[in-house]
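Notes follow the structure.
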Amino acid sequence: MQAGSEMPGVMLAAPRDRQVALRFAHLTGGFWRGAAAPRAWFWSVLLAAAIILSVFANVTVNRWNGWFFDALEKRDSESALIAMAVFPVLVLVVAGLGVIILISRETFQVYWRQWVTAKLADRWVGQRRFFRLSLSGYEPANPEYRIADDVRWATEPVVDFAIGLLSAIITIITFIEILWKIGGALTLRSGEASIIIPAYLVLAAIVYAILVSLLVTVVGRRLPSLIAARNEGEARLRFSLMRIRDHGETIALARTEAGERRAVAQTYDSLVGRWLAMIRQRGRLTWITNGSGALVPVVPLLLAAPKYLSGEMSLGGVVQVAAAFVAVQNAFNWVLDNFMRIAEWLAAARRVNELADALERVDGEPPGEHLTIQPSRDGLLCLDEVTLIDRDGRTLAADISCSLPPGATLHVSGELGLGKAALIQAVAGLWPWGRGAILLPPGAFVTAVPQKLHLSEGSLRAVLDTGRAVPEEQLASALRRYGLSGLAPLLDENRDWDKELATGDRQRLALARAELEKPDVVLLDEATSAFDTDAALELLAELRAARPDAIIIAFGQGAGFAEAATHRLLLKRAGGVVRMAVRHAGPDQATLPAQAGPAE
């Protein structure tokens, strides 16, 4: 069975299904090793034992059928009454085993999903891979959907598949014995000639199962790729709607809702097309599944009828053989019965694998030329002929050089554009493409203060969490210095702070958080744009007082900040590329070289 197809607007990976399964097993098999191993093995063994006992309980019920119906045929009231008395005990045993299977199965699914989700989420969030992945070009669509939903769809069915497969194997072994023993051989006579078919019910069950499984495999071979396309469309629709919510204020003020409505309609139209393609394929498959479902109970009765009519088989034997045939048929048709779930699992497992592969690739060395980041020998921060390019090879900024001592403040101005974001990310260790070297003071901790601080849902204490223990009085003091003393009593309140705090308060909060991180290098990305020059300088003076030896690099902070900076860097566009401009000093001084020089 071959998975993989292309839908309009979606490029689907097309590895063989076996490769998808093996890759997923390698990714998730650690659950049975390490710290989670005792829990994993306990629930695995308990589940397997309950399944085996459940199959033997079903065999016992099958034999009870033969006993009870034979007693009815012979009008043996004593045997019938004993059988009726035994039956409630069998029901309790079967029901109890079902409860054990349910609890152990779902508990195992929850713990396994927890382990896989934690592994992927930790790798995605850790070392800022979520951002590096978006820059790398390796990022698959909707990684958050893959972690939240696809992990569930890729782990839960595997447990059910294991249950079904183990149950099917044991069922085939045990119930074939009943078919072989009770069904025996079938003798066909034509005149004086006769043909003996040994174990004819066993052969009939095998042949029937093979034919139906082949039909299902041929008709349903495209279903996994169609389900993957549908899931991708669902994720895109969810993303489009989330985008409207996240940018609601901008859309409402600019009155651009018509364009957003058209975009959502186009996304949903594409999703509808993918749903309809999957529905048509499932319709073809349903012809086989429903037809087989109607035939399975009838076929064993038709096959057993000649022996019953000839007196070679009792009524209890017919009922017992019919139940055994259905059980064996269902076991052989395990793929048929689970084809839809297998297709959905392959689609989900492929999406999880793609995310895991992308996370591994982003940790590798970027292709082509790349920047080097290394410690400096003299404790300075140096940009040594840094040229920044995007992942397609286009130059964003070229030939940037500067040297900053501890306590320096560099103001970067000019035509920044995309080069500004790339330069900030490069110093922060996030932008890998380019040439040259960035030398940081040994052991330097770099932090960036954005123009708009992201406020995650929850408390302000979580926003100010820097990963190290900070005394309560230090938190309150930092908030007070940046004009946020009113927020100190509200640190533990869970609110939607993203909507409650104005831009100015968010920027004050970002500066307070930066101070608490105790950085050695601070990158200010228009971090005080909401304030006038005097207010901005006051806030930055607080940061400088708290970190006197920190190197501060400010991008686009305005002319007032440029006058207060110890160093300045001017970038201008020349020939389509942003380069460092030659800055002229006073009229009686020589021209400075093309590097950041001390401010006059």
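The table below lists the values:
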{"quantity": "Pairs with Cβ under 9 Å, 6+ apart, first in segment 496-511 and free of Cβ contacts under 8 Å to residues at least 24 places away in the same chain and at negative phi, second surrounded by 15 or more Cβ atoms within 10 Å (Cβ to Cβ) and part of a helix (DSSP H, G or I)", "calculated": "Asp505/Leu487"}
{"quantity": "Residue among Ala85, Ala121 that is free of Cβ contacts under 8 Å to residues at least 60 places away in the same chain and closer than 24 Å to Ser54 by Cβ", "calculated": "Ala85"}
{"quantity": "Qualifying position, being within 28 Å of Glu515 (Cβ to Cβ), in the same structural domain as Arg568 (by TED's automatic domain parsing), at pLDDT below 85 and part of a strand (DSSP E or B), among Ser413, Ser403", "calculated": "Ser413"}
{"quantity": "Filter result for the condition that a residue is farther than 30 Å from Val158 by Cα, surrounded by 23 or more Cβ atoms within 10 Å (Cβ to Cβ) and at pLDDT below 85, over Val321, Val386", "calculated": "Val321"}
{"quantity": "Residues of segment 292-344 satisfying the condition of being assigned to a helix (DSSP H, G or I), of a type in the set (Ser, Thr, Tyr) and more than 23 Å from Arg221 (Cβ to Cβ)", "calculated": "Tyr308"}
{"quantity": "Hey, Phe561 closer than 14 Å to Ala448 by Cα, of a type in the set (Phe, Trp, Tyr), assigned by TED's automatic domain parsing to the domain that holds Val470 and at pLDDT below 90 or not", "calculated": "no"}
{"quantity": "Members of segment 512-521 found to be surrounded by 24 or more Cβ atoms within 10 Å (Cβ to Cβ) and within 33 Å of the chain's Cα centre (by Cα), listed by number", "calculated": "Ala514"}
{"quantity": "Members of segment 526-538 that are surrounded by fewer than 22 Cβ atoms within 10 Å (Cβ to Cβ) and either under 10 Å from Pro450 (Cα atoms) or of a type outside the set (Asp, Glu) (or both)", "calculated": "Glu526, Ser529, Ala530, Phe531, Thr533, Ala535, Leu537"}
{"quantity": "Residue within segment 421-442 that is assigned by TED's automatic domain parsing to the domain that holds Asp496, over 30 Å from the mean Cα position of the chain (by Cα) and either in a loop (DSSP other than H, G, I, E, B) or within 24 Å of Gly504 (Cβ to Cβ) (or both) present", "calculated": "yes"}
{"quantity": "Set Ala141, Ala148: member being surrounded by fewer than 18 Cβ atoms within 10 Å (Cβ to Cβ), assigned by TED's automatic domain parsing to the domain that holds Ala347 and not in a loop (DSSP other than H, G, I, E, B)", "calculated": "Ala148"}
{"quantity": "Residue, surrounded by the fewest Cβ atoms within 10 Å (Cβ to Cβ), within segment 288-313, restricted to residues that are over 19 Å from Gln329 (Cβ atoms) and either without any contact (Cβ under 8 Å) to a residue 40 or more places away in the chain or not assigned by TED's automatic domain parsing to the domain that holds Val326 (or both)", "calculated": "Gly311"}
{"quantity": "Test: residue in segment 15-38 that is out of contact with any helix residue (DSSP H, G or I) (no Cβ under 6 Å at 6 or more places or on another chain) and modelled with pLDDT under 75", "calculated": "yes"}
{"quantity": "Restricting segment 128-168 to residues that are of a type in the set (Lys, Arg) and over 17 Å from Thr107 (Cβ atoms), the residue that is nearest to the chain's Cα centre (by Cα)", "calculated": "Arg146"}
{"quantity": "Among residues of segment 432-484, those that are over 30 Å from Ser403 (Cβ atoms), among the small types (Gly, Ala, Ser) and out of contact with any Lys or Arg (no Cβ under 6 Å at 6 or more places or on another chain), counted", "calculated": "9"}
{"quantity": "Selection status of Ala512, at pLDDT 85 or above and aliphatic (A, V, I, L, M)", "calculated": "yes"}
{"quantity": "Inter-residue pairs, beta-carbon under 8 Å, first at positive phi and in segment 553-574, second in a strand (DSSP E or B) and at pLDDT 75 or above, 6+ apart", "calculated": "Gly556/Val412; Gly556/Ser413; Gly556/Asp525"}
{"quantity": "Segment 343-370 - residue that is modelled with pLDDT under 80 and not acidic (Asp, Glu) and, of those, surrounded by the most Cβ atoms within 10 Å (Cβ to Cβ)", "calculated": "Ala343"}
{"quantity": "Selection from segment 258-280 of residues that are surrounded by 11 or more Cβ atoms within 10 Å (Cβ to Cβ), among the charged types (D, E, K, R) and under 15 Å from Ile244 (Cα atoms)", "calculated": "Glu260, Arg261"}
{"quantity": "Residue within segment 109-126 that is acidic (Asp, Glu) and either over 14 Å from Arg361 (Cβ atoms) or touching a strand residue (DSSP E or B) at 6+ places or on another chain (Cβ under 8 Å) (or both) present", "calculated": "yes"}
{"quantity": "Boolean, Glu177 is among the acidic types (Asp, Glu), modelled with pLDDT under 80 and outside any helix (DSSP H, G or I)", "calculated": "no"}
{"quantity": "Residue within segment 489-496 that is assigned by TED's automatic domain parsing to the domain that holds Arg461, among the hydrophobic types (A, V, I, L, M, F, W, C) and crowded, with 19+ Cβ neighbours inside 10 Å present", "calculated": "no"}
{"quantity": "Residues being more than 13 Å from Gln425 (Cα to Cα), touching a residue at least 60 places away in the same chain (Cβ under 8 Å) and among the hydrophobic types (A, V, I, L, M, F, W, C) - total across segment 371-382", "calculated": "2"}
{"quantity": "Residue count, segment 469-488 (criterion: surrounded by fewer than 17 Cβ atoms within 10 Å (Cβ to Cβ) and touching a residue at least 24 places away in the same chain (Cβ under 8 Å))", "calculated": "2"}
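The values are calculated or read from the model by the stated rules, or taken from the named source; none is laboratory data. All values derive from a computational prediction rather than experimental measurement. Positions of Cβ are backbone-derived with ideal geometry, glycine not excepted, and every protein chain shown enters the neighbour counts.
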